[in-house]
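Visitor: The structure follows.
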Amino acid sequence: MPCAETPSRLEAYFDGELDAISAADLERHIGECAECQAELENLEKLRRSLRRDLGFDRATPELRARVAAALDREAVPEPRDARLSPRALAGAPGFWRGVIAGMGGLAVAASAVFLFAAPVSVNPLFNDLVNAHVRSLMPTHLIDVESTDRHTVKPWFAGHADVSPAVFDFADEGYRLVGGRADYFDRQRAAVVVYQHGPHIINVFSWVDDHNSLPGDTTRSGWHLAFWRTGNLNYCAVSDTGWDELMRLESLIKEATGDTRHP
Amino acid sequence: MPHLDAAYRFARWLTRSPSDADDVVQEAILRAYRSFEGLRGSDAKAWLLTIVKNCHRTIAAQARGRGFVPLPQETDERDGHAMVATTAGPEATSMRRDEARTLARLMASLPAEHREVLILREIEELDYREIAAVAQIPIGTVMSRLARARAALKERWLAELEGEPDAVR
């Protein structure tokens, strides 16, 4: 082409891959070059057509169900080992869980080392919990079963989550039960009990953890995460309330579940 | 299941058969969930598509090992037809559907490596770095391959339009 501009640079610009200075430079040139303008238009047309005509293929409901079922088989809670098929053993989720637990330990060690170096977020569980909490605050995501009646919420978990934690209403203490939800993380369907405290939503996650890898309390992106453990269940309360309010709910739940071993 | 649709679309173009694509996607999602990183972070889509690609390779290699491999012909028109979304919106006119079919057919006629970068860039909207990771090629190769792929698709598209003076260019 008569225009000296190389096509791949123009395409890099079109793809948003050019640094700011080169982009500004190229924009000046495009302003005066009909050829490059036409080429950009062509690129845009091609993209529009591809997205419009080929971008709407969706996984079929059958595939969706098949994958969901396969995932459920992966995340069988208790008794996990007894139910493992030979094929699943070959796939060795136990091995992966071991690796994951090991990594968790490494992550804790790493966080100690890098404490003063950089605010690295090392335990992916923290991100999962915070993400799940933030997502829950978006409209229509907070609650799957809306009820202030713990006798409604608890049985709901039995069919929808891999754990069925004790559910309480502490309305008198200022922590109103508003409902329950199932969230998928740590390779299982965690049960989430949702409380409201004043204007704050508190999500209390619970999930099975056989590796006794309970993280310490932490604050991520402004959200407090309080962890505790009862039996083989890990709990995590996430909220933007103050620590004191969160600790108060933690001790209420512990008392109610009859666990006073950890103050 | 985040990015299931993207995984499926990508697998469809890799395998060219719906049932093979289903197998690849299921295997890929299981692998993704079993592995440490999980489906999180901004790179989750690219990461899952990388696993899709690896699964496809493994499964294709196993099929070859067993001796039955229906290698698709590079320019099989039926492939293209199969790729067009069947659930077109109400606004889709027959002309639009024709155009979509043509585009799918032309895509199917491209070399697999061209098709791959086009899908990843234009439909899945991955950036060059992510495409490099999924396709397992250097970034420089992503750029040149993408440029060649776009040129090739455009050339075929223009050739298609010849003899159709009414068609929009």
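FYI, it's all coordinate maths here, none of it is from the lab. Worth saying up front: this structure is predicted, and the values here are computed from it rather than measured. Note that we place each Cβ from the backbone using ideal geometry, even for glycine, and neighbour counts take in every protein chain shown.
Visitor: Using only atoms on other chains, find how many Cβ atoms lie within 10 Å of each Cβ of peptide A:61-74 and report the average. Could you put the intermediate results ahead of the total?
Guide: Details: counts 0, 2, 13, 5, 0, 5, 12, 3, 1, 5, 6, 0, 1, 4.
If you average over the peptide's residues, the count of other-chain Cβ atoms is 4.
Visitor: Karplus couplings for segment A:125-135 from phi (6.51 cos²θ - 1.76 cosθ + 1.60, θ = phi - 60°), rounded to Hz, Gly and Pro as x?
Guide: 4, 4, 4, 4, 5, 5, 4, 5, 5, 5, 4
Visitor: Further, regarding this structure: Grab the eigenvalues of the alpha-carbon gyration tensor for segment A:7-54, scale each by 5, take roots, and send me the semi-axes largest first in whole angstrom.
Guide: Numbers: eigenvalues 90, 34, 9 Å².
Computed over segment A:7-54, the values are 21, 13, 7 Å.
Visitor: Using a ≥ b ≥ c from the Cα gyration tensor of segment A:124-263 (square roots of the eigenvalues), is it rounded, prolate or oblate, where a/c under 1.5 gives rounded and otherwise the larger of a/b and b/c decides, a/b for prolate?
Guide: Because its axes are fairly even, with a/c under 1.5, segment A:124-263 counts as rounded.
Visitor: Under 5 Å between amide hydrogens, which residues at least 5 positions from residue A:179 or on another chain qualify, with H placed 1.01 Å from N in the peptide plane?
Guide: The list, which skips near neighbours in sequence, is A:147, A:194.
Visitor: Take the alpha carbon atoms of segment B:115-134, find their center, do the same for segment A:187-226, and report the distance between the two centers in whole angstrom.
Guide: Using only Cα atoms to place each centre, the spacing works out to 36 Å.
Visitor: Taking every residue in B:119-129, how many Cβ atoms of other protein chains lie within 10 Å of its Cβ, on average? Mind showing how you got there, number by number?
Guide: Working: counts 3, 0, 4, 10, 8, 2, 4, 1, 3, 4, 1.
Other-chain Cβ atoms within 10 Å of each residue's Cβ, averaged: 4.
Visitor: Kindly write out, for segment B:47-62 in residue order, the coupling ³J(HN,Hα) from the Karplus curve 6.51 cos²θ - 1.76 cosθ + 1.60 (θ = phi - 60°), rounded to whole Hz, with x marking Gly and Pro.
Guide: Couplings: 5, 5, 5, 4, 5, 4, 5, 5, 4, 4, 4, 4, 5, 5, 5, 5 Hz.
Visitor: Rounded to whole Hz and in sequence order, give me ³J(HN,Hα) for segment B:99-104 from the Karplus expression 6.51 cos²θ - 1.76 cosθ + 1.60, θ = phi - 60°, writing x for Gly and Pro.
Guide: 4, 4, 5, 4, 4, 4
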